[in-house]
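The values are calculated or read from the model by the stated rules, or taken from the named source; none is laboratory data. Predicted model, so just to flag it, every value in this text is computed and none were measured. When we count neighbours, we look across all protein chains shown, and the Cβ atoms used for this are built from the backbone with ideal geometry, even at glycine.
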């Protein structure tokens, strides 16, 4: 009998794992945004001393993982398993970044939802007694992502207002079976949702339906609403997707706006930085969570957060074949108490 399943899709963790350590590393543009003070390391060079952007992304991962382990006062030999992924083919950003750690690894792909998916799997693994300590690491890099998903940077193509700026950054978190918190107490994995969006420059519209579907199901499973949380954070719908999400809930008679924030809108200043609809990429939600959000919980700003990272499962090949863009979202409840 599935004793930890609540409702249709929500898992209740009976032994909630604690965040033993977390860290985030970002690029120069991200470091010029409003969350500058929450980042552990800001690089001034998009290459990070490497010869390619893909190697630079791996350097971000390596740095974030090392910092998270250090802040947890642990070494890689203390970690039982690692969940990691990014936007690139074969997840080369993370796989090359963690190859020297020597930790049993599960590669994960959920597009921009990868941090929530990685953390969810790490939390379930620890709660299930399969590991004492597990780590989740996720990354993205503006240049490597643009090269893979859209056009060469040298092309200088016009970006429409609906487009989002892929964050150069990486977030890493260590979960432990023991510790003072914050804790992961619930996980609500999402279903594949496809609303028919075909515009590769409007990820927010593609992902908003998935965010709505998962959060709505979480509320139904737990018999609660926005008032149960100090903050409901999505990542990363941007300006357009966030508005669509709030409209969906408004039609249900639920006011999400008072509690809702989006990682893609938090990480950049849209008035001062040319990011159009906001930030995106695996590193967006990862760096905001592993810096601003978890730091804020430790400082007492919030006691309970619903963190929902969203991913548009875009493939350049299928998009050019006329396919739509399916999306997914994964929710986690992060609480200062069990």
Quick check: anything in the range 136-152 surrounded by fewer than 19 Cβ atoms within 10 Å (Cβ to Cβ) and within 21 Å of residue 294 (Cβ to Cβ)? no
Checked the range 51-79 for anything buried (at least 17 other Cβ atoms within 10 Å of the Cβ) and part of a loop (DSSP other than H, G, I, E, B); matches are 72, 74, 79
Among 56, 66, the single one that is under 16 Å from residue 170 (Cβ atoms) and in contact (Cβ under 8 Å) with a residue 60 or more places away in the chain is 56
Inside the range 105-145, the number of residues satisfying the requirement of being under 19 Å from residue 78 (Cα atoms) and either at pLDDT below 95 or in the same structural domain as residue 309 (by TED's automatic domain parsing) (or both) is 0
Taking the range 248-305 and keeping only residues that are under 13 Å from residue 173 (Cβ atoms) and touching a strand residue (DSSP E or B) at 6+ places or on another chain (Cβ under 8 Å), one is left with 285, 286, 287, 288, 289, 290, 291, 293, 294, 297
Review point. If we scan the range 211-223, do we find a residue that is at pLDDT below 95, surrounded by 17 or more Cβ atoms within 10 Å (Cβ to Cβ) and either within 25 Å of residue 83 (Cα to Cα) or not assigned by TED's automatic domain parsing to the domain that holds residue 23 (or both)?
Key: no
Expected single match for touching a strand residue (DSSP E or B) at 6+ places or on another chain (Cβ under 7 Å) and either in the same structural domain as residue 298 (by TED's automatic domain parsing) or at pLDDT 95 or above (or both) among 34, 16 is 16
Among residues of the range 291-314 being in contact with a helix residue (DSSP H, G or I) (Cβ under 8 Å, 6 or more places away or on another chain) and assigned to a loop (DSSP other than H, G, I, E, B), the residue surrounded by the fewest Cβ atoms within 10 Å (Cβ to Cβ) is 303
In the set 38, 46, 76, the lone residue that is touching a residue at least 12 places away in the same chain (Cβ under 8 Å) and under 19 Å from the mean Cα position of the chain (by Cα) is 38
Taking the range 264-290 and the residues there that are part of a loop (DSSP other than H, G, I, E, B) and buried (at least 24 other Cβ atoms within 10 Å of the Cβ), the one that is nearest to the chain's Cα centre (by Cα) would be 281
